[in-house]
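Chemist: I am attaching a structure below and will ask some questions about it afterwards.
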Amino acid sequence: MDGFPKQRGPVCLDCPQSRYPADCDAISVCQQDEVCYVEETFKLGDIFYRTSCLPNTDKRCVPPTYNPVEVGKRSDQRGTCFFCCPYDLCNTKCHPSSSSLLTTLPSTTPAPETHDFKGKTFFLMFMRNFEYGYLLQKLSVDVTLMATNAHIEVITRYNSTSKHLSGPAKHIEIDANMTMRENGKTGKGVILTSNTSMSATAFNFYQTGSGDGYRALPIEHLGDSYIVGTFRPNDKHSYERYGTSFAVGAPFVNTVVNITLSTSGVSVPGQYHREGDTITVVLDKLDTFYIETTTSIQDLTGTRIVSNKPVAVISGNVCSHEEGCNHLNEYLPPVSKWGSRFIVPPIMRSTSGIIRIVPSVNSTSVIVNSNTLNKTYTISTFIDIDTDPTQPYSISSDEHVLVLLFFNEIKVGMSVVPSINQFSNEPVLVTPPIFFYHGNTPSDNYIVVSIRTSDQSGLQIRSTNGTDLTRVGSVTFPGVDGEMFSFISVNYKQTCSVQHRENNVAFSVITYGFRSYETYAYPANLCL
């Protein structure tokens, strides 16, 4: 082809910044050792894309698990004709006998595959619970998978163990020494890998009655920009010495992390930090960096985390507000995955609740509606809204926000609320946690499904033997645009599935449960 070198890499789209990849009409000729890539970034409340060439990596035709995201690379060369892997931006039509380098350039950038919480590689962390005792601490991860057989590897800095499992759900114990117990940098990360797609839910329980769980994002969906969301600690009696907490984990080597604090009085080894200070730390693969405040008035909500490579972030507190003392933790989505339209479901058995809204930019306008509330807020740090947890709420904002739901029965539970555009159409497997203390008494477990009312007739919530679960609650409520949503609640005691007869119908699933001394909650699906 005239104007193109005979020996070259792919011809790629080349736009330094664009809100809409389809508008990119420039190309770049890459070197032979380069591939095409698309990078998604979040700036000033908006999503931008950058496309160009990226140096090749050692593993050919295998997309890496870090941003920028490679969307194609060369598999081999025959004569003067290149062959491409799926999702390459060029040379998808090339005959082995060709004497020239034929290029087919699509008019738009191929959209990345959307996935739920399912993946093959996860990064897990465990923050300090109410107390620590090696024999009293129970760390675990429950994996759910559709495959009949799976090879799973649990990797820490200290050892690596392999397991052969079969679905739909398996319980894996993690050594209690992997708990982060002191502020600062430690090597407490856990990487979980599998040869098949699965979901990973981590639990952290202390035997005297304190615990929570989170469903982890696959490593390929982690980001490099986060804002922390926690919940106020218990300030009653002897609990006032406990504060809020978060942790950052590095799946990759030489990860530079900048943490800008939202509160004063934060101490890391050898240093004392005030509000607005930035802590810079370099993390190696499997390193973690943990921060916990020491008083109930220090709230780490609003702390900003920016890194040069994707990281995992979990947040919560050691001893939550309200009655008793329950450990909270949640796996946070990166800011690029936040949303602006939400529908918050009702929670069975709950007696009180709080919705915490964290904005991505200052002066964000937020509208909150329920049967008893219709109010507009302007927020720059965060806002707590006292709620009636038996009724749903709709939330809309002019900038992307993070919505956290806290509800109280005997103790407080915590869950990220997915935005409406993060509803997923993929089948979901959920399984109740396993307890090894207090007589192994099982928890009282619930699922609440948020779905458009027009689609609810095809919703299927079933046990693994195919039996439909009895619905114990059903409520309808209009969303932000007046569209009606239904909220279906079921009680479950074993692994069960949630899916729709029509595979293009999207819905949201939050699972939660209660025991005498613990409350847990987490979103079970999320379209990323």
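Chemist: If a residue must be touching a helix residue (DSSP H, G or I) at 6+ places or on another chain (Cβ under 8 Å) and modelled with pLDDT under 95, how many such residues does the range 159-199 contain?
Modeler: Residues in the range 159-199 being touching a helix residue (DSSP H, G or I) at 6+ places or on another chain (Cβ under 8 Å) and modelled with pLDDT under 95: 0 in total.
Chemist: Select from the range 136-180 the residues that are within 30 Å of Gly243 (Cβ to Cβ), in contact (Cβ under 8 Å) with a residue 60 or more places away in the chain and part of a loop (DSSP other than H, G, I, E, B) and write down the one among them that is farthest from the chain's Cα centre (by Cα).
Modeler: Residue satisfying both the conditions and the ranking: Leu136.
Chemist: To continue, here is another question. Please indicate, with yes or no, whether at least one residue in the range 462-477 is in contact with an Asp or Glu (Cβ under 9 Å, 6 or more places away or on another chain) and either under 22 Å from Ser350 (Cβ atoms) or not aromatic (Phe, Trp, Tyr) (or both). Steps first, answer last, please.
Modeler: Kept after step one, since they are in contact with an Asp or Glu (Cβ under 9 Å, 6 or more places away or on another chain), are these residues of the range 462-477: 462.
Those left that are additionally either under 22 Å from Ser350 (Cβ atoms) or not aromatic (Phe, Trp, Tyr) (or both): 462.
So far as the range 462-477 goes, yes, one or more of its residues are in contact with an Asp or Glu (Cβ under 9 Å, 6 or more places away or on another chain) and either under 22 Å from Ser350 (Cβ atoms) or not aromatic (Phe, Trp, Tyr) (or both).
Chemist: Looking only at the range 257-270, how many residues end up being outside any loop (DSSP other than H, G, I, E, B) and loosely packed, with under 15 Cβ neighbours inside 10 Å?
Modeler: 2
Chemist: Just for the range 283-318: of the residues that are in a loop (DSSP other than H, G, I, E, B) and of a type in the set (Val, Ile, Thr), which one is nearest to Ile355 (Cα to Cα)?
Modeler: The qualifying residue nearest to Ile355 (Cα to Cα) is Thr301.
Chemist: Given the criteria under 30 Å from Ile410 (Cα atoms), in contact with a Ser or Thr (Cβ under 7 Å, 6 or more places away or on another chain) and modelled with pLDDT of 95 or more, does Val509 qualify? Before the answer, list the steps.
Modeler: Values: under 30 Å from Ile410 (Cα atoms): yes; in contact with a Ser or Thr (Cβ under 7 Å, 6 or more places away or on another chain): no; modelled with pLDDT of 95 or more: yes.
Judged against the criteria, Val509 is not a match.
Chemist: Determine if the range 484-506 includes at least one residue that is over 21 Å from Pro345 (Cα atoms), in contact with a helix residue (DSSP H, G or I) (Cβ under 8 Å, 6 or more places away or on another chain) and exposed (fewer than 13 other Cβ atoms within 10 Å of the Cβ).
Modeler: Yes, because at least one residue in the range 484-506 is over 21 Å from Pro345 (Cα atoms), in contact with a helix residue (DSSP H, G or I) (Cβ under 8 Å, 6 or more places away or on another chain) and exposed (fewer than 13 other Cβ atoms within 10 Å of the Cβ).
Chemist: Separate question: Under the condition of being assigned to a loop (DSSP other than H, G, I, E, B) and hydrophobic (A, V, I, L, M, F, W, C), which residue from the range 329-346 is surrounded by the fewest Cβ atoms within 10 Å (Cβ to Cβ)? Write out each step before concluding.
Modeler: Taking the range 329-346 and keeping what is assigned to a loop (DSSP other than H, G, I, E, B), we get 332-334, 338, 345-346.
Okay, now just the ones that are also hydrophobic (A, V, I, L, M, F, W, C), so 332, 338.
On the way: Leu332: 27, Trp338: 22.
Per the criteria, the residue is Trp338.
Residues are listed down the side, and each one gets a yes or a no for (1) over 24 Å from Thr294 (Cα atoms); (2) at pLDDT 95 or above; (3) within 24 Å of the chain's Cα centre (by Cα):
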{"position": "Ser320", "(1), (2), (3)": "no, no, yes"}
{"position": "His327", "(1), (2), (3)": "no, no, yes"}
{"position": "Pro333", "(1), (2), (3)": "yes, yes, yes"}
{"position": "Arg349", "(1), (2), (3)": "yes, no, no"}
{"position": "Pro359", "(1), (2), (3)": "yes, yes, yes"}
{"position": "Thr364", "(1), (2), (3)": "yes, yes, yes"}
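Chemist: Checking the structure you have, find out if any residue of the range 78-92 is within 20 Å of Tyr520 (Cα to Cα) and modelled with pLDDT under 95.
Modeler: No, every residue in the range 78-92 fails to be within 20 Å of Tyr520 (Cα to Cα) and modelled with pLDDT under 95.
Chemist: Hey, any hits in the range 355-362 for a residue that's out of contact with any Gly (no Cβ under 6 Å at 6 or more places or on another chain) and under 15 Å from Ser245 (Cβ atoms)?
Modeler: no
Chemist: Restricting attention to the range 306-318, does a residue exist that is in the same structural domain as Asp287 (by the TED database) and in contact with a Cys (Cβ under 7 Å, 6 or more places away or on another chain)?
Modeler: no
Chemist: Can you tell me how many residues within the range 347-401 are assigned to a loop (DSSP other than H, G, I, E, B) and β-branched (Val, Ile, Thr)?
Modeler: Just the residues of the range 347-401 that are assigned to a loop (DSSP other than H, G, I, E, B), to begin with: 347-351, 360-363, 370-373, 380-382, 388-392.
Within this subset, residues satisfying the condition of being β-branched (Val, Ile, Thr) are 347, 351, 361, 372, 381, 390.
Final tally of qualifying residues: 6.
Chemist: May I pose another question? Considering every residue within the range 451-474, establish whether at least one is of a type in the set (Asp, Glu) and touching a strand residue (DSSP E or B) at 6+ places or on another chain (Cβ under 6 Å). Break it down stepwise before answering.
Modeler: Pass one, the range 451-474, residues of a type in the set (Asp, Glu): 455, 468.
This time we only want the ones that are touching a strand residue (DSSP E or B) at 6+ places or on another chain (Cβ under 6 Å), so: 468.
Yes, the range 451-474 contains a residue that is of a type in the set (Asp, Glu) and touching a strand residue (DSSP E or B) at 6+ places or on another chain (Cβ under 6 Å).
Yes/no per residue for (1) aliphatic (A, V, I, L, M); (2) assigned by the TED database to the domain that holds Cys325; (3) over 18 Å from the mean Cα position of the chain (by Cα):
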{"site": "Thr376", "(1), (2), (3)": "no, no, yes"}
{"site": "Ile383", "(1), (2), (3)": "yes, no, yes"}
{"site": "Ser397", "(1), (2), (3)": "no, no, yes"}
{"site": "Val401", "(1), (2), (3)": "yes, no, no"}
{"site": "Phe407", "(1), (2), (3)": "no, no, yes"}
{"site": "Leu429", "(1), (2), (3)": "yes, no, no"}
{"site": "Ser450", "(1), (2), (3)": "no, no, yes"}
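Chemist: Something else now. Quick one: in the range 328-384, which of the residues that are touching a Phe, Trp or Tyr at 6+ places or on another chain (Cβ under 7 Å) and of a type in the set (D, E, K, R) is farthest from Arg515 (Cα to Cα)?
Modeler: Residue satisfying both the conditions and the ranking: Arg356.
Chemist: Could you go through the range 197-212 and let me know if any residue there is assigned to a loop (DSSP other than H, G, I, E, B), in contact (Cβ under 8 Å) with a residue 12 or more places away in the chain and aliphatic (A, V, I, L, M).
Modeler: For the range 197-212, residues assigned to a loop (DSSP other than H, G, I, E, B), in contact (Cβ under 8 Å) with a residue 12 or more places away in the chain and aliphatic (A, V, I, L, M): absent.
Chemist: Determine whether Val361 is surrounded by fewer than 22 Cβ atoms within 10 Å (Cβ to Cβ) and under 23 Å from Gly302 (Cβ atoms).
Modeler: Answer is yes for this residue.
Chemist: Mind telling me which of the residues Asp481, Asp455 ends up being more than 30 Å from Leu136 (Cβ to Cβ) and surrounded by fewer than 17 Cβ atoms within 10 Å (Cβ to Cβ)?
Modeler: Answer to the selection: Asp481.
Chemist: If a residue must be within 17 Å of Val318 (Cα to Cα), of a type in the set (A, V, I, L, M) and surrounded by fewer than 22 Cβ atoms within 10 Å (Cβ to Cβ), how many such residues does the range 184-226 contain? So that I can check it myself, show each step before the final result.
Modeler: Going residue by residue through the range 184-226, those that are within 17 Å of Val318 (Cα to Cα) are 184, 202-214.
So of that shortlist, the ones also of a type in the set (A, V, I, L, M) come out as 202.
Add one more test, that the residue is surrounded by fewer than 22 Cβ atoms within 10 Å (Cβ to Cβ), and what stays is none.
Number of matching residues: 0.
The values are calculated or read from the model by the stated rules, or taken from the named source; none is laboratory data. Keep in mind it's a predicted model, so treat the numbers as computed, not measured. In this analysis, Cβ positions are derived from the backbone assuming ideal geometry, glycine residues included, and neighbour counts consider all displayed protein chains.
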